[in-house]
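Encoded as structure tokens, the structure appears first; notes follow it.
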Ligand code: FNR
């Protein structure tokens, strides 16, 4: 692992190892991939303003998220079908999160089941990402299984009335590889996809699991069947953030789905301040994901008001190069970079990272 010094190194290593169709599925964004690039570039437009001569001996990265203590403000976002990155898939990923003391979010479209993942890492703080199906009974069963297996929150994906257009997947005729399965559903669904001669079978069957009629009323229904806190994942506007809070969500995950849904939407770090401002009167935790690959990215998001950030692809890259060890290595890179940033910026604890610690580059070019 020592040759991977940065998350970028892990990405380069993973891209070399993965088969083309999987590599393209993981790395792609929607259509022209303009927002995909902006998710990274927008971080570069922010400057950190360090404070000097502050005693930083007792620096500390830990924080609390929805009442749970995490060792650092970085968690793992849900990404579908992780066994394509490595045969251990979600199981390796959650074990890495457990060892590192950070949150792991399992996708509805995972290739390991809710129960397998819970059993592999009983002490990990696990969230379950939820796509709400037209058949509410299917959704209810998933939610009750997650609650029973000890998951601590539901990340309700709100940005996917339909799947975004990813051109590489269309070109590659991307489908579920023979060794992979949609493990949260019965074997029938996986068999249907594997047996189909139509290369759009994966797309068609997963689209069937997503309800196009969804409105904020679904939060009320979810709250009637579960006590788990609900985090609205995929918010990009202040008024939507307010609607999420008023509907009863306990958290907001500012996300553009890794730029995979709609191209031309803002980078998430650009959208974050609008959302923080809109919900400032409410008792709500705001998180973000999208384009985070360095400790300074994490720092900038915290300065703009995020309680924590999540990473999606970086965990896939870690998984591809080294299973559990690879994901742990990715997390330790981010931890080291964040520890270094906290000290040199003169903000030894997460609570010290206030808004004045960053400024947009335009303020320096006047
Ligand atoms: C995702 N994402 C995602 N989101 C979700 O709610 N359910 C899902 O099943 C998936 N699946 C998925 C697969 C792949 C390959 C990627 C790259 C992303 C979005 C994910 O949770 C997260 O929002 C982004 O990955 C964050 O951006 P970065 O960290 O990948 O830049």
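The values are calculated or read from the model by the stated rules, or taken from the named source; none is laboratory data. Being a predicted model, the structure only gives us computed values, none of them experimental. Using ideal geometry, Cβ is built from the backbone for each residue, glycine included, and neighbour counts are taken over all protein chains shown.
Before we move on, is residue 309 modelled with pLDDT of 95 or more, within 13 Å of the ligand (Cβ to nearest atom) and in a loop (DSSP other than H, G, I, E, B)? When the stated conditions are applied, residue 309 does not pass them. Of the residues screened, residue 258 is one that is within 17 Å of residue 159 (Cβ to Cβ) and within 16 Å of the ligand (Cβ to nearest atom). In summary, helices (runs of 4 or more DSSP H) completely within the range 173-282 and bearing 1 or more residues that are at pLDDT below 90 occur at 187-195, 201-208. Can you find even one residue in the range 79-89 that is more than 16 Å from residue 350 (Cα to Cα), touching a residue at least 60 places away in the same chain (Cβ under 8 Å) and more than 16 Å from the ligand (Cβ to nearest atom)? Checking the range 79-89: at least one residue is more than 16 Å from residue 350 (Cα to Cα), touching a residue at least 60 places away in the same chain (Cβ under 8 Å) and more than 16 Å from the ligand (Cβ to nearest atom). Condition test on residue 302, is it modelled with pLDDT of 95 or more, in a helix (DSSP H, G or I) and near the ligand (Cβ under 10 Å from one of its atoms)? Answer is no for this residue. Picking from residues in the range 280-294 that are farther than 19 Å from residue 128 by Cβ and surrounded by fewer than 22 Cβ atoms within 10 Å (Cβ to Cβ), the one that is nearest to the ligand (Cβ to nearest atom) is 294. Considered as a group, the residues in the range 93-125 that are touching a strand residue (DSSP E or B) at 6+ places or on another chain (Cβ under 7 Å), within 17 Å of residue 68 (Cβ to Cβ) and touching a residue at least 40 places away in the same chain (Cβ under 8 Å) include one that is nearest to the ligand (Cβ to nearest atom), and that residue is 105. The sole residue among 277, 208, 297, 263 that is more than 19 Å from the chain's Cα centre (by Cα) and more than 21 Å from residue 130 (Cβ to Cβ) is 277. Selection of the range 261-284 for residues being out of contact with any strand residue (DSSP E or B) (no Cβ under 8 Å at 6 or more places or on another chain) and more than 19 Å from residue 361 (Cβ to Cβ) yields 262, 263, 264, 265, 277, 278, 280, 281, 282, 283. Scanning the range 353-361 for residues that are away from the ligand (no atom under 16 Å from the Cβ), touching a residue at least 12 places away in the same chain (Cβ under 8 Å), in contact with a helix residue (DSSP H, G or I) (Cβ under 8 Å, 6 or more places away or on another chain) and assigned to a loop (DSSP other than H, G, I, E, B) turns up at least one hit.
So is residue 326 over 18 Å from residue 66 (Cβ atoms), modelled with pLDDT of 95 or more and under 13 Å from the mean Cα position of the chain (by Cα) or not? When the stated conditions are applied, residue 326 does not pass them.
Any residue at all in the range 285-296 that is farther than 19 Å from residue 231 by Cβ, touching a strand residue (DSSP E or B) at 6+ places or on another chain (Cβ under 7 Å), part of a helix (DSSP H, G or I) and touching a residue at least 60 places away in the same chain (Cβ under 8 Å)? Scanning the range 285-296, I find at least one residue that is farther than 19 Å from residue 231 by Cβ, touching a strand residue (DSSP E or B) at 6+ places or on another chain (Cβ under 7 Å), part of a helix (DSSP H, G or I) and touching a residue at least 60 places away in the same chain (Cβ under 8 Å), so the answer is yes. Across the range 126-142, which residue is nearest to residue 106 (Cα to Cα) among those that are part of a helix (DSSP H, G or I) and within 15 Å of the ligand (Cβ to nearest atom)? Selected residue: 142.
For the range 176-184, the criterion of being in contact (Cβ under 8 Å) with a residue 24 or more places away in the chain, loosely packed, with under 13 Cβ neighbours inside 10 Å and farther than 22 Å from residue 254 by Cβ is met by at least one residue.
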